[in-house]
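Q: Below you will find the structure I want to go over with you.
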Amino acid sequence: MGTLLKCYKPLFSIRFSSFPNSLRSVQHRTHSFNNPKRRNPIRRCFSSLSPSSQPLINGTTLDKMDGNRQPGSPSSELWLHNTMSKKKELFRPKVEGKVGMYVCGVTAYDLSHIGHARVYVTFDVLYRYLRHLGYEVCYVRNFTDVDDKIIARAKELAEDPISLSRRYCDEFIQDMVHLQCLPPSVEPRVSDHMPHIIDMIKQIVDNGYAYRVEGDVFFSIENFPEYGQLSGRKLEDNRAGERVAVDSRKRNPADFALWKASFMRNNSAKEGEPFWESPWGPGRPGWHIECSAMSAAYLGYSFDIHGGGMDLVFPHHENEIAQSCAACKQSNVSYWIHNGFVTVDSEKMSKSLGNFFTIREVMDLYHPLALRLFLMGTHYRSPINYSDVLLESASERIFYIYQTLHDCENVLSQHDKGLQESIPPETLNVINKFHNDFSTSMSDDLHTPVVLAALSDPLKTINDLLHTRKGKKQAMRIESVAALEKIIRNVLSVLGLMPTSYSEALQQLREMALKRAKLTEDKILQKIEERSEARKNKDYEKSDAIRKDLAVVGIALMDSPDGTSWRPAIPLPLQEQQVAAT
């Protein structure tokens, strides 16, 4: 076996980023096509975003709310489930205070579905929380813009493959903006990194881990005894025709392509396929090699976190490990992190099964932050079953959160001066409990469902202070409201659930509820007027029927001394379905 070549270093000195408060614009680049010598400039890991330490109350930050907390307590530690070890491990970065994270991006040939949304919401939460803990993070997420699926789709549409892929990359970026997923530090594309991919394949071949057959280059599984360490699969499990392509030219059916020749055996070109020159002839890379090459280019061969959906454990990430170690024996990723599937009727949501909903389809009827809340309502490693009732529940819940905070905003705008420095002990207890629940749950493998549930107490306390007779009489009531609103706002920011404007988000949630109900607001106001007349005439049967008819389509009526208003709610049939399920 050949001697391992000296491992090359990352392309540049990484600049890490701290906690964000805004989104930077994403720049798009033209792609080189059939030109191996052109090297597009590599965008450095950078961020124009500012640090996270925003004060909560009286100059106190979220991390300092609990004055009794000792260094090394759960709020300053992070435990993550490592797929490699099959257990939760205490996170320790390779370089103190800095984190390198690579997440496999989409293969851009169509609109992304909510299974993709779950992946990138999951790792956005991790990205945000790492930065909240004070780490500087270089987050690399790639685009696959050279792939069999892209080529097949381009042929169907009679479109250039790179052009088609670029278009769907742009669509994906827009979906991520709507879901409030922060842009990564860098978003490399395969077509921009062909020299780095070719260089890595050369290293693998020179080190004796790959072989050439008629212009194709295959990785030799038998030359890498550690193969299967991530997935736990054995070589005999890799039966040809299932997860690996049938090709009689391979030495082992499980061997996988590093480079695919762009010419057939009769030397005729494969029509419509992009190609690049290489030492093995014109062609293009296999799927797996791209992530090994790009992660090494930006983070080096040894970095902290590599993530993606659970479906990538085998073969993609297993093959990445083999390739990277074959190119450089010092290759090492400390933590392999994978999220669970989104399922429909207990089957994985996927394009191949045809049971998927695109992010756009869902956002056409539900607010993007309701979708984000839905995805965070189940622990990231567990499967989450897509259903209308869960999306409706998430939509109702986020409306309640924003309505409560909007009410806070209105009250506090009238008391912007003269607030006292302190808050009552009972309010401080609610805040400390919420802070501890947040820190403990997030540090325990990002347990977002517990954090979302923990929001109930501070929200209820706010509503009591604002709307109940007893609450309105409490001392330092406005100071309590201000402190509670501030900690909730900061936690929502860490979770990526903070809207630009409460009132704007509430209006959007109302508009989407009307769309789902197939009603206009004028029609609802007309129904409210009809109901008021019926109540005046003591026609309670008609009054109740109007309320129920609206409840059936997800419109709840609320009576108060100031009159009747409406809000979105879970449609009555789905509420009954929910009750029946429990």
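The values are calculated or read from the model by the stated rules, or taken from the named source; none is laboratory data. Keep in mind that this is a model prediction, so the values were computed, not measured. Glycine also receives a Cβ, built like all others from the backbone with ideal geometry; neighbour counts cover every protein chain displayed. Side chains included, ligands, DNA and RNA excluded: accessible areas come from the protein's heavy atoms. Shrake-Rupley method; radii C 1.70, N 1.55, O 1.52, S 1.80 Å.
Q: Of the conditions (1) closer than 21 Å to TYR402 by Cβ; (2) in contact (Cβ under 8 Å) with a residue 60 or more places away in the chain, GLN578 clears all except one; give me its number.
A: Every condition holds for GLN578 apart from (1).
Q: I've got another one for you. Is it the case that region 103-116 has a residue that's at pLDDT 95 or above and more than 30 Å from LYS155 (Cβ to Cβ)?
A: No, region 103-116 contains no residue that is at pLDDT 95 or above and more than 30 Å from LYS155 (Cβ to Cβ).
Q: Does region 553-575 hold any residues that are free of Cβ contacts under 8 Å to residues at least 60 places away in the same chain, open to solvent by less than 60 Å² (accessible area, probe 1.4 Å) and not hydroxyl-bearing (Ser, Thr, Tyr), and which are they?
A: Those that are free of Cβ contacts under 8 Å to residues at least 60 places away in the same chain, open to solvent by less than 60 Å² (accessible area, probe 1.4 Å) and not hydroxyl-bearing (Ser, Thr, Tyr): VAL553, ILE555, ALA556, LEU557, GLY563, TRP566, LEU572.
Q: Could you list, in sequence order, the residues of region 515-543 that are touching a residue at least 24 places away in the same chain (Cβ under 8 Å) and not polar (S, T, N, Q)?
A: Residues satisfying the conditions are LYS515, ARG516, ALA517, LYS518, LEU519, ILE524, ILE528, ARG531.
Q: Sticking with this one: Go through region 434-454 and count every residue that is open to solvent by 30 Å² or more (accessible area, probe 1.4 Å) and either in contact with a Phe, Trp or Tyr (Cβ under 8 Å, 6 or more places away or on another chain) or among the basic types (Lys, Arg) (or both).
A: Number satisfying all stated conditions: 1.
Q: For region 531-552, indicate whether the set of residues that are open to solvent by 90 Å² or more (accessible area, probe 1.4 Å), part of a loop (DSSP other than H, G, I, E, B), more than 30 Å from PRO368 (Cβ to Cβ) and modelled with pLDDT under 95 is non-empty.
A: No, region 531-552 contains no residue that is open to solvent by 90 Å² or more (accessible area, probe 1.4 Å), part of a loop (DSSP other than H, G, I, E, B), more than 30 Å from PRO368 (Cβ to Cβ) and modelled with pLDDT under 95.
Q: Name the residues in region 394-421 that are open to solvent by 60 Å² or more (accessible area, probe 1.4 Å) and of a type outside the set (Asp, Glu), would you?
A: Matches in region 394-421: ARG397, TYR400, ASN410, SER413, GLN414, HIS415, LYS417, GLY418, LEU419, GLN420.
Q: Picking from ASP237, ASP206, which residue would you name as being modelled with pLDDT of 85 or more and either on the phi > 0 side of the Ramachandran plot or open to solvent by 10 Å² or more (accessible area, probe 1.4 Å) (or both)?
A: Answer to the check: ASP206.
Q: Which of the numbered conditions does LEU419 fail, given that it passes all the others? Conditions: (1) assigned by the TED database to the domain that holds MET498; (2) out of contact with any Asp or Glu (no Cβ under 7 Å at 6 or more places or on another chain); (3) closer than 30 Å to ILE478 by Cα.
A: (2)
Q: Of all the strands (runs of 3 or more DSSP E) wholly in region 279-383, which have at least 2 residues that are under 20 Å from THR83 (Cβ atoms) and open to solvent by 20 Å² or more (accessible area, probe 1.4 Å)?
A: 332-339
Q: Can you name every residue in region 559-574 that is outside any strand (DSSP E or B) and at pLDDT 90 or above?
A: ALA569, ILE570, PRO571, LEU572, PRO573, LEU574, listed by residue number.
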